[in-house]
Amino acid sequence: MSTLLEVSGVSVSFDGFKAINNLSFTIGSAELRAIIGPNGAGKTTFMDIITGKTKPDEGRVVWGDLSRSLLGMSEAKIAQAGIGRKFQKPTVFEDQSVEENLVMALKSKRGPFAALFYKRSSDDMSRVDELADEINLADQLHRKAGELSHGQKQWLEIGMLLAQDPQLLLVDEPAAGMTPAEREHTTALLVEAAKTCAVVVVEHDMEFVRRLNCRVTVLHEGAVLAEGSLDHVTSNQEVIDVYLGR
Ligand code: ADP
C-alpha cells in the first residue's frame with residue numbers, strides 16, 4: 001500500500017497552548033483508520049490541519065505522490081484535490097430528494113463552471129443508483145432528505161462525499177446518535193468505502209471502532225500516543241492511564 005498522506009513534525013498553538021505538538025502521522029491509499037483519544041486530545045484540530053482550516057506553526061503535510069504540500073492551499077483547493085470531510089452533524093439539502101442530493105454532489109465534482117451547464121447523463125444516473133445501494137437508501141431515492149432518520153441523513157452525506165470520488169475521507173463520529181442497526185450498516189459502508197479511498201474515522205464509541213477492525217491511532221496532548229490494533233492500543237498502560245485520567 002502506498003502512502004497517501006504524510007504529516008510530519010506538525011505543531012499548532014492557540015494563545016501559547018500547544019494543541020498539536022510535533023505530530024507525525026501517515027496513512028496509506030485505501031486504508032481504513034480510526035483515531036481515538038480523550039476530549040481535548042487534538043483530534044478536531046488535526047482534521048482542521050489536513051483540510052486547510054487551521055494552518056500549523058511548523059511541520060510538513062504532503063499528499064498524493066508526497067511531493068505536493070497541502071500547506072498554503074485553501075480549504076476549497078484541498079477539497080478539490082480529493083479530501084472530503086464529514087462533520088458530526090449531517091448537512092444535506094433537506095428540501096431536496098435523496099436522488100437530487102446525490103445528483104448535486106456529482107455535479108459539484110465538475111467544478112462551479114461546468115456545473116452551470118450540467119445535464120444528467122445515464123452514466124451519472126447509474127452512479128446515483130450505485131451510491132444509493134451502497135448507502136442503503138435505494139428505496140428512498142424520491143424521499144425528501146429532511147424526512148430521513150438521523151442515520152439515513154448521515155449515510156446520504158457520506159454518499160454525497162463518495163460521489164465526488166475522494167482519495168481521502170475524514171469522518172467525525174459517524175455512529176453518534178445511531179440505532180444499533182444503523183451503526184451496523186455504517187460500519188459496512190465505511191469498510192466498503194475504504195476499498196476505493198482512504199478513510200479516517202474519529203470515534204469515541206469503542207464498540208464501533210472494534211467493528212471497523214482497522215488500525216487505530218491514539219492521540220493525546222496533540223501527539224500520537226500509540227498506534228496498532230484496538231487490542232494492542234487498549235492494552236498499552238499509557239493509553240489506559242490517559243483514559244482513566246491518571
Ligand atoms: P478533540 O477534538 O480531541 O477534543 P480539539 O482539537 O478540539 O480536541 O482541541 C485540542 C485542544 O486545543 C483543546 O485543549 C482545545 O481547547 C484547544 N483548542 C482547539 N481549538 C482552539 C481554538 N480555536 N482556540 C483556542 N484553543 C483551541
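The values are calculated or read from the model by the stated rules, or taken from the named source; none is laboratory data. Everything numeric in this text was worked out from a predicted model, so none of it was measured. A quick note on method: Cβ atoms are made from the backbone with ideal geometry, for glycine too, and the neighbour counts reach across all protein chains shown.
All but one of (1) more than 22 Å from ALA193 (Cα to Cα); (2) crowded, with 17+ Cβ neighbours inside 10 Å hold for LEU66; state the number of the condition that does not hold.
(2)
Which of the residues spanning segment 22-37 are buried (at least 17 other Cβ atoms within 10 Å of the Cβ) and not small (Gly, Ala, Ser)?
Selection gives LEU23, PHE25, ILE27, GLU31, LEU32, ARG33, ILE35, ILE36.
If a residue must be aromatic (Phe, Trp, Tyr) and in contact (Cβ under 8 Å) with a residue 40 or more places away in the chain, how many such residues does segment 1-56 contain?
2
Being more than 9 Å from the ligand (Cβ to nearest atom) and within 15 Å of LEU219 (Cα to Cα) is the filter here, so list the residues in segment 28-37 that pass it.
ARG33, ALA34, ILE36
Got a sec? Which of ILE49, ILE20, ILE78 is in contact with a Gly (Cβ under 7 Å, 6 or more places away or on another chain) and in a helix (DSSP H, G or I)?
When all the criteria are applied, what remains is ILE78.
What number goes with the only condition from (1) buried (at least 19 other Cβ atoms within 10 Å of the Cβ); (2) over 25 Å from THR91 (Cβ atoms); (3) touching a residue at least 60 places away in the same chain (Cβ under 8 Å) that ARG215 does not pass?
With respect to (1) buried (at least 19 other Cβ atoms within 10 Å of the Cβ); (2) over 25 Å from THR91 (Cβ atoms); (3) touching a residue at least 60 places away in the same chain (Cβ under 8 Å), ARG215 is out only on (1).
For segment 8-17: of the residues being in a strand (DSSP E or B) and within 14 Å of the ligand (Cβ to nearest atom), which is farthest from ASP165 (Cα to Cα)?
Looking at the filtered set, the residue picked out is PHE17.
Taking the condition of being within 25 Å of VAL242 (Cβ to Cβ) and not in a loop (DSSP other than H, G, I, E, B), how many residues in segment 23-46 meet it?
So the answer is 14.
Of all residues in segment 218-246, which are within 16 Å of the ligand (Cβ to nearest atom), in a helix (DSSP H, G or I) and surrounded by 19 or more Cβ atoms within 10 Å (Cβ to Cβ)?
Those that are within 16 Å of the ligand (Cβ to nearest atom), in a helix (DSSP H, G or I) and surrounded by 19 or more Cβ atoms within 10 Å (Cβ to Cβ): VAL233, VAL239, VAL242.
Please count how many residues of segment 38-52 are at pLDDT 95 or above, within 6 Å of the ligand (Cβ to nearest atom) and either polar (S, T, N, Q) or within 13 Å of PHE14 (Cα to Cα) (or both).
Number of matching residues: 3.
Test each condition in (1) touching a residue at least 60 places away in the same chain (Cβ under 8 Å); (2) assigned to a helix (DSSP H, G or I); (3) touching an Asp or Glu at 6+ places or on another chain (Cβ under 8 Å); (4) surrounded by fewer than 20 Cβ atoms within 10 Å (Cβ to Cβ) for VAL209 and report the one that comes out false.
(4)
Scan segment 164-192 for residues that are in contact (Cβ under 8 Å) with a residue 60 or more places away in the chain and either at negative phi or in a strand (DSSP E or B) (or both) and jot them down.
Of everything in segment 164-192, those that are in contact (Cβ under 8 Å) with a residue 60 or more places away in the chain and either at negative phi or in a strand (DSSP E or B) (or both) turn out to be GLN164, PRO166, GLN167, LEU168, LEU169, LEU170, VAL171, ASP172, PRO174, ALA176, LEU190, VAL191.
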